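Just below is one structure, and these are the notes that go with it.
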Amino acid sequence: IPQCPLSVPGLTWEFKDGRDQAIMAIPTRDMCYLECLNTAGCAGATWQLNDIAEGICFLFKEIEEYQPCHFCESAKAPLPVNDVCNAPEDDVLDIQDVKNQLDCIDRCARKSGECQFYSYFGEESILPNKCMLFKSCEDVTNAEGCPDIHSGEIQCFMPPQCSDYKILDHFTRKDTFRQFHLCDTNDNIENIASPDWDEDGWYRVKGEAGSYIPEYEVPFQSCGTVHSGYLKDTHPVMHGETKNATVCFTDADEPCAFEKEIQITRCAGFFVYKLEEPGKCDARYCTSDHPTQQITSDNE
């Protein structure tokens with residue numbers, strides 16, 4: 001699974017006639033991305049499935065705000081690096097045989113988040129179809145007179161919520177906390193409203209709250225509330241993936257007395273959750289240090 005997703009479905013950028021380019025009859029996503037790599041000034045590409053034109057490839061000179069699209073997938077072009085990366089030995093991750101520049105970029109993305117730069121040697125270069133992968137590229141070797149060498153910094157493509165989210169970080173929210181009766185409410189109720197709740201939206205769990213909404217049943221009257229909320233489903237596996245999930249809220253006699261539908265996105269190294277107020281006080285989303293294993297505390 002790539003630590004750095006190179007593409008994302010369902011999103012694109014604003015297309016402007018005279019600046020951007022649309023190419024018909026491009027049957028695959030990879031062919032579209034190669035068109036971008038081979039086009040000077042291309043900042044990103046969107047491939048859209050189209051029954052009439054087989055597939056349309058949109059090449060963008062500028063990429064700014066995202067906008068939704070149907071039957072499409074988009075990728076950012078690497079930031080170009082002149083010449084060949086010249087990194088210390090410890091920063092050279094690998095040298096591999098590849099099919100093309102896109103294959104080289106994909107190998108970098110799959111290096112568990114370590115690889116950030118690459119140098120691809122094309123068919124007409126001194127090292128045909130070789131790919132060098134690097135952690136850093138602070139210096140370069142002049143490749144003047146050596147044709148068909150392409151270097152760049154890969155651009156991870158995460159959904160907007162991976163960089164625009166609120167924080168749940170209060171220690172009372174942990175699954176092991178047994179005191180207080182707080183509530184995730186959009187109403188500003190003194191001594192009841194959760195101190196880290198800021199209305200409906202995308203949230204990341206951090207700090208003293210842990211890192212996750214747990215996937216296991218949390219006992220009634222935990223997490224600094226009465227009705228403890230935990231995931232009925234699992235977290236998404238693919239980086240950049242968003243999935244629908246259900247949160248159960250406990251009662252004295254029912255482990256899932258009422259439910260709330262949420263969304264979860266896997267970002268690079270963390271998850272974000274699209275949450276709405278549970279609709280009942282005292283009810284709260286629980287958090288934990290581990291998604292599937294409860295860690296006991298002295299505060300029980």
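Scan region 98-107 for residues that are open to solvent by 50 Å² or more (accessible area, probe 1.4 Å) and more than 25 Å from the chain's Cα centre (by Cα) and report the count.
The number of residues fulfilling the criteria is 1.
State whether the residues of region 204-220 include one that is over 29 Å from G10 (Cα atoms), modelled with pLDDT of 95 or more and in a strand (DSSP E or B).
no
Can you give me the number of residues within region 140-180 that are modelled with pLDDT of 90 or more, over 30 Å from N129 (Cα atoms) and polar (S, T, N, Q)?
So the count comes out to 3.
Every residue, every condition in (1) under 29 Å from the mean Cα position of the chain (by Cα); (2) under 21 Å from F171 (Cβ atoms), yes or no:
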site: D233; (1), (2): yes, no
site: M238; (1), (2): yes, no
site: E241; (1), (2): yes, no
site: A245; (1), (2): yes, no
site: A257; (1), (2): no, no
site: R266; (1), (2): yes, no
site: V272; (1), (2): yes, yes
site: E276; (1), (2): yes, no
site: C281; (1), (2): no, yes
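List, please: which pairs have Cβ atoms under 6 Å, are six or more places apart or on different chains, and start with a residue in region 75-98 that is touching a residue at least 24 places away in the same chain (Cβ under 8 Å) and end with one that is of a type in the set (G, A, S) and not in a strand (DSSP E or B)?
Qualifying pairs under 6 Å: A77/A43; D83/A143; V84/A143; A87/S136; D91/S136.
Every residue in region 58-97 that is surrounded by 17 or more Cβ atoms within 10 Å (Cβ to Cβ) and over 24 Å from E138 (Cβ atoms), please.
Within region 58-97, F58, L59, F60, I63, C69, C72, E73, S74, A75 meet the criteria.
I'm trying to understand the selection: among the residues of region 91-117, which are acidic (D, E) and modelled with pLDDT of 85 or more?
Matches in region 91-117: D91, D94, D97, D103, D106.
Scan region 120-177 for residues that are crowded, with 16+ Cβ neighbours inside 10 Å and among the polar types (S, T, N, Q) and jot them down.
S125, N129, S151, Q155, Q161, T172, T176
All but one of (1) assigned to a loop (DSSP other than H, G, I, E, B); (2) at pLDDT 95 or above; (3) within 19 Å of T292 (Cβ to Cβ) hold for D196; state the number of the condition that does not hold.
(3)
Among what's in region 108-119 and is over 21 Å from A45 (Cβ atoms) and open to solvent by 60 Å² or more (accessible area, probe 1.4 Å), pick the residue that is nearest to the chain's Cα centre (by Cα).
Checked region 108-119; the qualifying residue nearest to the chain's Cα centre (by Cα) is S112.
H181 passes all but one of (1) open to solvent by 40 Å² or more (accessible area, probe 1.4 Å); (2) farther than 24 Å from R266 by Cβ; (3) part of a strand (DSSP E or B); which number fails?
With respect to (1) open to solvent by 40 Å² or more (accessible area, probe 1.4 Å); (2) farther than 24 Å from R266 by Cβ; (3) part of a strand (DSSP E or B), H181 is out only on (3).
Would you check if there is a residue in region 290-297 being open to solvent by less than 20 Å² (accessible area, probe 1.4 Å), touching a strand residue (DSSP E or B) at 6+ places or on another chain (Cβ under 9 Å) and assigned to a loop (DSSP other than H, G, I, E, B)?
Among the residues of region 290-297, not one is open to solvent by less than 20 Å² (accessible area, probe 1.4 Å), touching a strand residue (DSSP E or B) at 6+ places or on another chain (Cβ under 9 Å) and assigned to a loop (DSSP other than H, G, I, E, B), which makes the answer no.
Quickly run through region 184-193 and pick out the residues that are more than 30 Å from H239 (Cα to Cα) and open to solvent by less than 50 Å² (accessible area, probe 1.4 Å).
T185, A193
Residue by residue through region 42-55, note down the ones that are at pLDDT below 95 and open to solvent by 30 Å² or more (accessible area, probe 1.4 Å).
L49, N50, D51, I52, E54 - these are the residues of region 42-55 that are at pLDDT below 95 and open to solvent by 30 Å² or more (accessible area, probe 1.4 Å).
Filter region 1-36 for residues that are of a type in the set (A, V, I, L, M) and surrounded by fewer than 19 Cβ atoms within 10 Å (Cβ to Cβ) and give the result.
Answer for region 1-36, where residues must be of a type in the set (A, V, I, L, M) and surrounded by fewer than 19 Cβ atoms within 10 Å (Cβ to Cβ): I1, L11, A22, I23, M24, A25, M31, L34.
Looking at region 201-216, which of its residues are surrounded by 16 or more Cβ atoms within 10 Å (Cβ to Cβ) and not hydrophobic (A, V, I, L, M, F, W, C)?
Y203, R204, G210, S211, Y212, P214, E215
For region 127-139: of the residues being over 17 Å from P80 (Cα atoms) and assigned to a loop (DSSP other than H, G, I, E, B), which is modelled with the lowest pLDDT?
The qualifying residue modelled with the lowest pLDDT is L127.
The values are calculated or read from the model by the stated rules, or taken from the named source; none is laboratory data. It should be emphasised that the depicted structure is a prediction, and the values quoted were computed from it without experimental measurement. Note: ideal-geometry Cβ built from the backbone for every residue, glycine included; neighbour counts use all protein chains shown. To get the accessible areas, we keep the full protein, side chains included, count just its heavy atoms, and leave off ligands, DNA and RNA. Shrake-Rupley method; radii C 1.70, N 1.55, O 1.52, S 1.80 Å.
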